[in-house]
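Engineer: Would you mind keeping the following structure in view while I ask a few things?
The values are calculated or read from the model by the stated rules, or taken from the named source; none is laboratory data. Being a predicted model, the structure only gives us computed values, none of them experimental. Cβ atoms come from the backbone with ideal geometry, glycine included; neighbour counts cover every protein chain shown.
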């Protein structure tokens with residue numbers, strides 16, 4: 001017995017019966033999708049993206065799981081099926097391989113399914129886990145029997161899925177074995193519904209590591225005794241990481257790999273704890289204090305754990321990390337950084353594209369982990385330099401190079417690294433601003449000198465364009481008017497500074513301005529006072545903010561107002577417990593060249609067109625639409641739209657930097673920016689956007705349902721009548737839901753209070 005699901009990111013896991021299996025593999029839709037995959041041109045740059053998009057439309061089976069405790073495809077909640085799946089990638093000709101093997105080996109090794117993968121370039125084998133055999137051991141046994149030397153060694157988690165393929169992709173099947181109800185019983189003598197006790201499945205390799213019944217306290221290693229159990233100054237377990245992965249995750253996966261996912265039982269606690277310490281010591285610098293911190297105690301006393309760790313550390317050491325641990329780390333890395341079965345990969349997994357010369361120069365002296373954020377931080381500045389440029393988007397509406405970027409990182413993570421590169425890029429604007437500020441100051445001096453004179457000095461309309469983020473609405477409106485269609489720019493290196501300035505009750509207006517800036521909409525105000533600045537003007541306003549994740553949440557208080565979809569978010573790496581990153585200085589020649597590029601952008605003007613950028617972004621937008629459909633994700637559908645606009649603008653900017661020529665760099669850069677922004681928006685805000693949509697949908701459904709409910713109630717009714725009616729319809733009967741419905745009817749003059757316990761319809 002194993003599970004299936006309608007799609008990898010849709011539906012809920014259910015038992016796959018033989019009847020359902022036949023329906024799946026004989027489905028015309030499954031056949032059509034696999035035919036489309038087979039017809040794809042593998043030489044095209046977007047081959048993998050298109051292939052993945054098609055695969056995600058397929059149903060999946062989950063061979064390792066008989067069921068899930070909470071109804072969700074999560075390894076921690078999985079109950080083992082007793083089956084093991086072997087994943088073999090990059091098989092040149094799967095059908096020829098199958099012809100070459102001895103079919104008797106399949107029966108001898110209890111292999112029940114051999115199928116070509118949906119890509120057409122691999123094999124899936126499903127067989128039985130023998131008694132006390134881990135998934136890893138079963139895979140090794142099957143691979144060895146069939147002389148398979150290379151396979152996916154990380155396909156061991158209980159929630160691992162395999163895409164369903166049509167019947168003609170199946171090379172061999174033993175229905176009686178695959179759907180046997182007795183398979184899981186070998187794991188659990190009771191009913192097969194639970195993970196077997198550790199004592200019944202503890203691998204021999206672990207038993208070989210077992211401690212003697214007693215560990216002599218005198219044998220405790222001096223290196224442990226010399227240490228201290230005080231972990232003062234150390235981070236908590238959740239913040240201790242290996243290669244960016246929490247140690248706790250690796251320990252959990254290691255326990256799963258060695259067959260003790262549910263922990264150690266009485267009688268084997270020492271053995272299991274010793275095994276974990278023996279493995280984990282290789283990635284803990286053989287530090288007993290660290291091991292003591294990260295390993296679960298299994299009910300052992302502190303002294304017992306000290307003794308076990310000392311014994312483990314004192315064992316002979318191999319020159320390499322054990323394969324079992326390597327596999328556990330590989331699984332955790334895949335889950336932590338890049339889950340290929342997810343429609344949305346983590347932003348950190350997106351490599352940089354080929355960059356135009358200017359951005360190569362800007363990023364040259366930065367650590368690799370900081371370059372993506374530097375590019376995103378550069379966009380508002382570069383857009384402000386090229387402020388006189390206009391172009392049409394896919395919808396034929398005129399656009400400018402308007403950007404709002406937001407860089408987040410934990411405190412003391414080096415967010416200020418952006419200042420030096422940006423100061424160089426801002427050179428032309430700052431030079432002009434110095435002249436404008438002199439004009440402004442001279443005007444103020446004249447005003448003071450002639451405050452009682454009838455002849456007042458003429459306002460020179462001085463307009464410095466690089467201003468701080470803490471600016472009044474009136475002053476901002478004045479500068480926008482004086483700028484005459486050129487972008488202003490504001491850079492705030494501490495987002496909380498802006499948060500504090502917005503607490504005076506003007507946030508809603510500022511938020512309006514920030515949203516209007518994205519599409520260069522019109523903002524205006526009109527007051528009676530002559531001292532106020534009255535105007536209506538198009539908003540050309542680029543922003544760059546940096547701050548911590550907490551300040552981010554404080555600034556973007558309302559994810560529903562649409563502002564977050566207009567922002568280019570980037571996240572810096574967490575530098576906790578790491579060496580201070582080195583930021584090398586630019587050479588004088590590099591500084592001069594960056595400034596030359598800045599002056600070139602500042603001189604650009606006119607309307608430009610590059611249809612190839614539109615094609616690239618249009619294709620990307622459609623792929624994301626298909627992914628949103630496959631994932632049934634309103635958040636993906638919402639966030640992809642403005643991410644595409646931002647990517648398009650970035651492509652047009654790159655087109656300028658490539659001397660008005662379309663190159664592969666232009667297309668790659670446009671798509672990279674769109675994808676990077678989309679991933680970060682999804683990572684930071686996706687869940688909230690999704691929940692907001694669901695709440696709205698539920699409210700609409702509730703309102704519609706409530707309207708129909710009223711007609712079904714008698715002219716006079718009680719709250720109890722309403723509760724019974726909603727219960728029959730399968731609707732919520734919580735007191736909050738009942739109160740909401742009654743209050744809504746009353747507010748809309750549909751009902752009135754008749755007695756203390758009775759309501760009456762208003763005709």
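Engineer: Consider residue 92 carefully, then state whether it is in contact with a strand residue (DSSP E or B) (Cβ under 6 Å, 6 or more places away or on another chain) and free of Cβ contacts under 8 Å to residues at least 60 places away in the same chain.
Structural biologist: For residue 92, the condition - in contact with a strand residue (DSSP E or B) (Cβ under 6 Å, 6 or more places away or on another chain) and free of Cβ contacts under 8 Å to residues at least 60 places away in the same chain - is not met.
Engineer: So if I check each of 376, 429, which one is touching a residue at least 12 places away in the same chain (Cβ under 8 Å), within 28 Å of residue 641 (Cβ to Cβ) and surrounded by 15 or more Cβ atoms within 10 Å (Cβ to Cβ)?
Structural biologist: From the options 376, 429, the qualifying one is 376.
Engineer: A further question on this structure: Criterion first (over 32 Å from the mean Cα position of the chain (by Cα), surrounded by fewer than 22 Cβ atoms within 10 Å (Cβ to Cβ) and under 25 Å from residue 156 (Cα atoms)) does residue 298 satisfy it?
Structural biologist: When the stated conditions are applied, residue 298 passes them.
Engineer: Sticking with this one: If the requirement is being touching a residue at least 40 places away in the same chain (Cβ under 8 Å) and surrounded by fewer than 21 Cβ atoms within 10 Å (Cβ to Cβ), which of these qualifies: 396, 365?
Structural biologist: After ruling out the rest, the residue left standing is 365.
Engineer: Is it the case that some residue within segment 152-169 is surrounded by fewer than 18 Cβ atoms within 10 Å (Cβ to Cβ), at negative phi and at pLDDT 80 or above?
Structural biologist: Looking through segment 152-169, at least one residue is surrounded by fewer than 18 Cβ atoms within 10 Å (Cβ to Cβ), at negative phi and at pLDDT 80 or above.
Engineer: Might you let me know whether segment 167-178 holds any residue that is touching a helix residue (DSSP H, G or I) at 6+ places or on another chain (Cβ under 8 Å) and part of a loop (DSSP other than H, G, I, E, B)?
Structural biologist: Checking segment 167-178: at least one residue is touching a helix residue (DSSP H, G or I) at 6+ places or on another chain (Cβ under 8 Å) and part of a loop (DSSP other than H, G, I, E, B).
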